[in-house]
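The values are calculated or read from the model by the stated rules, or taken from the named source; none is laboratory data. Predicted, not measured: the structure shown is a model, and the values here were computed from it. So basically every Cβ, Gly included, is an ideal-geometry build from the backbone, and we count neighbours across all protein chains shown. The accessibility values were calculated without ligands, DNA or RNA, using every heavy atom of the protein model including side chains. Shrake-Rupley method; radii C 1.70, N 1.55, O 1.52, S 1.80 Å.
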Amino acid sequence: MSSTTLPATMKALMVDSPSQPLQLKTVPTPSATPGSCIVKILAVEADANTPHILKGVPGYTFPANFVPAAHAIGRVVTTGPDATVLRPGQLVMLEGFIRPRDDPNEEQILWGLTAGLTPQSLRFMADNWAWGCMAEYARAPLENVYPLDEARLCGSPAEGGLGYAVENLLHLPTLLVAMGGLRAIDVKPGERVIVAPATGGFSGAAVQVALAIGAQVVAVGRSRESLLKLQGLFPPGRVQIVQVTGDVEKDTVSLKQFGPVDAYVDLSPPEASNSTHLRSCFAALRKYGRACVMNIIGQDVAVQYPLLTWNSLTVRGQFMYEREDARLMIKMAEAGVLRLGEDGGNEVVGRFKLEDVNEAFALAAKNHGVGKLVALVP
Ligand SMILES: NC(=O)c1ccc[n+]([C@@H]2O[C@H](COP(=O)([O-])OP(=O)(O)OC[C@H]3O[C@@H](n4cnc5c(N)ncnc54)[C@H](OP(=O)(O)O)[C@@H]3O)[C@@H](O)[C@H]2O)c1
């Protein structure tokens, strides 16, 4: 075991049970166990949806004495005996997709967010991972901790660094969800990919990652103003926009006007389950095109069965991502092709201490959308 001294207690934002307030508490600092490490949290995202989820929303469950959030950047303090690459002092990204080692394909939880809906997954979170990252320290599964090249990402540009602040790196876990979807259908450099919608937090991330992969993006949305704003975040010519009119045939023509469409990533929120864009986007795909659907909680959607057959389409669902996606995405950021600063369409709109979490949530709610985040810096 590799270790550095930890304080006996730490501050953590904890909710006793759903609908109870989030409170800053002093609790024992966790210690590393086999399969885990302790990370000093340098920045953790204050997601605008968190207060809503903590009130108890159908589909989201969490155990008693819950510490929310898992999108974080930190520094390894100590590791369990089975760590092979992680070592104290390393700058790391944390993400929240935890799969039990003895059954990674069945019980899956989103650390700091939801334990899922089976008794096994609820127990798995309660017994092991009830505390997320809104704290001074977090005990994290080794599998969810990724080393970052600090000299390259945070070093000064004069010395070959990219000059990011630690908070800029907090964009990585959101971009990773998009990376999972784009890689699931193997989007390649030069290909044309529809991202629909394109103006949300995760969907905007899909635009950013698709551009970093080298794809051409057709961004779809209801609001021309939001689409123009999105387009303006990137160099001219990289993002084409199509405003949904509700006329499926007309919108399909608009989507195809830029050339053959190779792929389509759908990140619709539940409210968009009846949106006509779903039909237009499938219809716009070229023969042998690929689609990735990522909406998590919505409703059944009618599919154009004959179209799938005649056009030999591949439709793939994707929940979260694979570890290889994370490694590759970090390499893209370190290479400088996935931009985490304003030139990549990203902005850290505020930084708050744990004590000021409610102010952080309020600012995040006002700034929900492409590339924007609010950081807690414990
Ligand atoms: N598969 C996964 O692993 C995974 C992980 C995370 C999230 N997700 C899914 O991704 C979804 C989107 O996340 P997000 O953060 O991008 O959401 P978001 O920030 O809430 O934005 C979604 C976008 O959807 C559009 N929209 C809203 N209501 C609509 C409606 N009734 N009809 C058509 N479009 C509508 C809006 O764009 P315009 O107003 O510009 O049209 C909005 O910008 C989530 O709801 C979740 O289901 C999946």
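Data overview
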| quantity | calculated |
| --- | --- |
| Pairs, first in contact (Cβ under 8 Å) with a residue 12 or more places away in the chain in the range 243-269, second basic (Lys, Arg) and assigned to a helix (DSSP H, G or I), C-beta under 7 Å, six or more apart | Gln243/Arg224; Val248/Arg279 |
| Check on Leu230, in a helix (DSSP H, G or I) and either in contact with a Ser or Thr (Cβ under 7 Å, 6 or more places away or on another chain) or not assigned by TED's automatic domain parsing to the domain that holds Cys281 (or both) | yes |
| Filter result for Gly201 (farther than 19 Å from Glu342 by Cβ and either in the same structural domain as Tyr288 (by TED's automatic domain parsing) or more than 12 Å from the ligand (Cβ to nearest atom) (or both)) | no |
| Residue under evaluation Asn168, criteria (1) surrounded by fewer than 21 Cβ atoms within 10 Å (Cβ to Cβ); (2) within 22 Å of the chain's Cα centre (by Cα), criterion not met | (1) |
| Condition check for Pro189: within 17 Å of the chain's Cα centre (by Cα) and at pLDDT 95 or above | no |
| Residues within the range 127-153 that are touching a strand residue (DSSP E or B) at 6+ places or on another chain (Cβ under 9 Å) and open to solvent by 40 Å² or more (accessible area, probe 1.4 Å), tallied | 8 |
| Qualifying positions in the range 273-286 - out of contact with any Asp or Glu (no Cβ under 9 Å at 6 or more places or on another chain) and among the small types (Gly, Ala, Ser) | Ser275 |
| Residues of the range 204-223 classified as over 15 Å from Leu255 (Cβ atoms) and more than 21 Å from the chain's Cα centre (by Cα), total | 1 |
| Residue, modelled with the lowest pLDDT, within the range 296-328, restricted to residues that are out of contact with any helix residue (DSSP H, G or I) (no Cβ under 7 Å at 6 or more places or on another chain) and within 11 Å of the ligand (Cβ to nearest atom) | Ile296 |
| Output for the range 265-275, where each listed residue is touching a Ser or Thr at 6+ places or on another chain (Cβ under 9 Å), within 8 Å of the ligand (Cβ to nearest atom) and open to solvent by less than 20 Å² (accessible area, probe 1.4 Å) | Ser268 |
| Single residue of the range 204-254 satisfying the filter (open to solvent by 60 Å² or more (accessible area, probe 1.4 Å) and β-branched (Val, Ile, Thr)) that is farthest from the ligand (Cβ to nearest atom) | Val253 |
| Single residue of the range 269-305 satisfying the filter (out of contact with any Gly (no Cβ under 7 Å at 6 or more places or on another chain) and polar (S, T, N, Q)) that is farthest from Gln257 (Cα to Cα) | Gln299 |
| Helices (runs of 4 or more DSSP H) within the range 276-378 that include 3 or more residues buried (at least 16 other Cβ atoms within 10 Å of the Cβ) and in contact (Cβ under 8 Å) with a residue 24 or more places away in the chain | 277-284, 323-335, 357-366 |
